[in-house]
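Before any comments, here is the structure.
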There are 2 protein chains.
Amino acid sequence: MSLWFYDTYQDETHFGLRVTKSLYHGRSEYQAIDIFETDLFGKVLALDGVFQTSVGDEYYYHEMLVHPALTTAPRVRNVLVIGGGDGGTVREVLSYPEVERVTMVEIDRMVVEACREHLPEIGRAWDDPRLTVLFEDGIAHIEQYQGEPLDVIIVDGPDPVGPAAGLFESSFYRTCRKQLFESGVLVLQSESPHIMREDFCRIVRNVRAVFPRARPYLSPVPIYASGGWSFVFASDAVDPLAVDEERSRRASGHCRYYNREIHDAVFALPNEIRALVSRPGEAERR
Amino acid sequence: MSLWFYDTYQDETHFGLRVTKSLYHGRSEYQAIDIFETDLFGKVLALDGVFQTSVGDEYYYHEMLVHPALTTAPRVRNVLVIGGGDGGTVREVLSYPEVERVTMVEIDRMVVEACREHLPEIGRAWDDPRLTVLFEDGIAHIEQYQGEPLDVIIVDGPDPVGPAAGLFESSFYRTCRKQLFESGVLVLQSESPHIMREDFCRIVRNVRAVFPRARPYLSPVPIYASGGWSFVFASDAVDPLAVDEERSRRASGHCRYYNREIHDAVFALPNEIRALVSRPGEAERR
């Protein structure tokens, strides 16, 4: 007998992985949480039946969410991460010695507890003294934040449905912008530009309604079965291609995916995506 | 009731698409052939149960298989395509007015007949007078070829199992090299660099055993559920980044995916892939 776990997208695709062992199943007040072993991806985390990350491919996502922002933001002392309960994102952020303080705001304590126990290979930086983990609503946290301006905000959220939907709205990005240092950077995952094209376009539009510079970039994530993934880099003033070479060199040194050439490459957009996200009047600059 | 078609990879993944209508099912002497409608990808072609291409995403694959080679090969008058029964590859090759003759060698006549009837949106160039379609074994064809040296050889084959396995062996690449113009280019698909990593590495090794210049490049294909796909560009003398700007500009003008920036971007390799494919002594050049 073989056991399969199926990630279903809008009753259009089933992406199934053969499970060799179930490690954890729980239901928090927010979602169902599953962690299981597979031969192909190693240990996998699923929330409400949707694959989130795996030990076998997590670096594709976490490195490419973090390093374009952390190698270009002029200051990276004070970083806020919304979501990211598996710990992979804060691990990459904490790899920078310039980072003095990372606050991770994850709504679901059970996700962090399950990942700390069953996925220690991903969240290798939980004990870093620069890290504070808060279990609360990310949107409310940013609205009420009264500390020093934030240098970088990273939104490591799930799909834009249910409780996470607010993380993809302009009102949220407006709040982020208010709490950012004037040359601060916001970065977020923005879904599959192919099979979730409407979501992708809406997210880009919503970020652009708030930030004068907002550039999508593309990088694959094997466990998100759709051939490619997207992220948005947003700032009032920072050019995502104006890289701090020393920081990028150090990141490249420890990364399995990210390097200096990949940094530039991911901002190249296919014609079709360019046309979708070009602002009025920008088309002729292609 | 909903109907699903599952692409199964080595009993490790099931990638299922919901089928709204079955259009064709046949069994040739080589394989089972299915063409069906889906909401997410439009019409899909599967061979022996493996998704090959779809109307919704075929340009990701066909443009990126063809244009890096056709915009850099010094001569593109005489092009040979092995496989490619859906007609998407020859369509892109024939978009170049410099191309005088394209020979497509597809082993399975039934695939071409089914695609001409049911996927005319993909094979839009079947009636181009510069195209000759031969139904025979591609390896035997190249071995026995006695015409003018070939400017570009494109191998548009399925996975390296069964009858197609020979398309991924050094002996085949050696035969290709003999039939190529001295500055000719060979390009081929080389599987998923993540979930089919052993195949990918073996193919790169086999090409490098024959061609002094052989560079893998990466570009996503949504219907190949693994987060990214790979191709190999091989030549005795041609630098895949030394682009004929006029040809590239023209290709960018009609393409949905390819453009000049994408051309450069796809040759940037993640650290892990770099390490896998670096030749001895090359590591320090990174």
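Estimated purely from DSSP H runs of n ≥ 4, each contributing -39500 (n - 2.57), the mean residue ellipticity at 222 nm for chain B is -8000 deg cm²/dmol once divided by its residues. Anyone know which of A:Tyr145, A:Tyr59, A:Tyr173 comes out most mobile in the 10 Å Cα GNM of chain A? Judging by the Gaussian network model, the answer is A:Tyr145. Taking label positions 7 Å along the Cα-Cβ direction at both A:Ala165 and A:Lys178, the computed distance is 2.2 nm, reported to one decimal.
Give the shape of the stretch A:129-286 as rounded, prolate or oblate, defined through the alpha-carbon gyration tensor: a ≥ b ≥ c are the square roots of its eigenvalues, a/c under 1.5 means rounded, and otherwise the shape is prolate if a/b is larger than b/c and oblate if not. The shape class here is rounded. The distance linking the stretch B:122-159 with the stretch B:166-244 is 17 Å (Cα centroid to Cα centroid, whole angstrom). FRET efficiency for the B:Trp4 to B:Glu136 pair, using the beta carbon distance and R₀ = 30 Å, is estimated at 0.25. Sorted largest first, the principal axis extents computed over the alpha-carbon atoms of the protein assembly as shown equal 76, 51, 47 Å. Remind me, relative contact order of chain B in percent, using alpha carbon pairs under 8 angstrom and six or more residues apart? Relative contact order here is 16 percent. Sorted fewest first by neighbouring Cβ atoms within 10 angstrom, B:Cys176, B:Cys255, A:Cys201 come out as A:Cys201, B:Cys255, B:Cys176.
Quick check on the protein assembly as shown: of the DSSP beta bridges with both residues there, what percent are antiparallel, nearest 5%? Around 65 percent of the beta bridges assigned by DSSP in the protein assembly as shown are antiparallel ones. Shown here are the Rg and Dmax of the Cα trace of the stretch A:3-54, at 10.6, 30 Å. Give me the percent of DSSP beta bridges within chain B that run antiparallel, rounded to the nearest 5. Counting only bridges with both partners in chain B, antiparallel ones make up about 65 percent.
In terms of surrounding Cβ atoms within a 10 Å radius of their Cβ, B:Ser248, A:Ser170, A:Ser230 rank from fewest to most as A:Ser170, B:Ser248, A:Ser230.
Using amide H atoms built in the peptide plane, which far-off residues or other-chain residues are under 5 Å from A:Thr20 H to H? Counting only residues 5 or more places away or on other chains, the set is A:Glu37, A:Thr38, A:Asp39. The alpha-carbon of B:Lys21 sits under 22 angstrom from the alpha-carbons of these lysines, leaving out residues fewer than 8 places away in its chain: B:Lys43. Listed values for the stretch A:212-228 are Karplus-derived 3J(HN,Hα) couplings in whole Hz (6.51 cos²θ - 1.76 cosθ + 1.60, θ = phi - 60°), namely x, 10, 8, 10, x, 9, 10, 7, x, 10, x, 7, 8, 6, 7, x, x, and x replaces Gly and Pro.
Counting neighbouring beta carbons within 10 Å and listing from fewest to most, the residues A:Met110, A:Met1 come out as A:Met1, A:Met110. For the options A:Gly83, A:Gly162, A:Gly228, a Gaussian network treatment of chain A with springs between C-alpha atoms closer than 10 Å singles out A:Gly162 as fluctuating the most. Legend: calculated FRET efficiency, B:Arg27 to A:Asp236, from the Cβ-Cβ distance at R0 = 51 Å, rounded to 0.05, equals 0.25.
Scaled against 2.2 N^0.38 Å for its residue count N, the alpha carbon radius of gyration of chain B is 0.95.
In this structure, the amide hydrogen of A:Val155, modeled 1.01 Å from its nitrogen in the peptide plane, lies closer than 5 angstrom to those of A:Ile82, A:Val187, A:Leu188, A:Gln189, counting only residues at least 5 positions away or on a different chain. For A:Phe181, the residues 5 or more places off, or on other chains, whose built amide H falls under 5 Å of its own are A:Leu150, A:Asp151. For the stretch B:149-163, the Karplus equation 6.51 cos²θ - 1.76 cosθ + 1.60, evaluated at θ = phi - 60°, returns couplings of x, 7, 7, 9, 10, 10, 9, 10, x, x, 4, x, 9, x, x Hz by residue, with Gly and Pro reported as x. Whole-Hz Karplus values for the stretch B:134-141 come out as 10, 9, 7, 6, x, 5, 4, 4 Hz, taken residue by residue from phi with 6.51 cos²θ - 1.76 cosθ + 1.60 and θ = phi - 60°; glycine and proline positions read x. What whole-number distance in Å separates the alpha-carbon centres of the stretch A:62-81 and the stretch A:97-120? Taking the Cα centre of the stretch A:97-120 as reference, the centre of the stretch A:62-81 is 16 Å away.
The numbers here are math on the coordinates, done by the rules we state, and not lab data. Computed from a prediction, not measured in an experiment: that's the story for all the values here. Because the Cβ atoms are built from the backbone with ideal geometry, glycine has one as well, and the counts that use them run over all protein chains shown.
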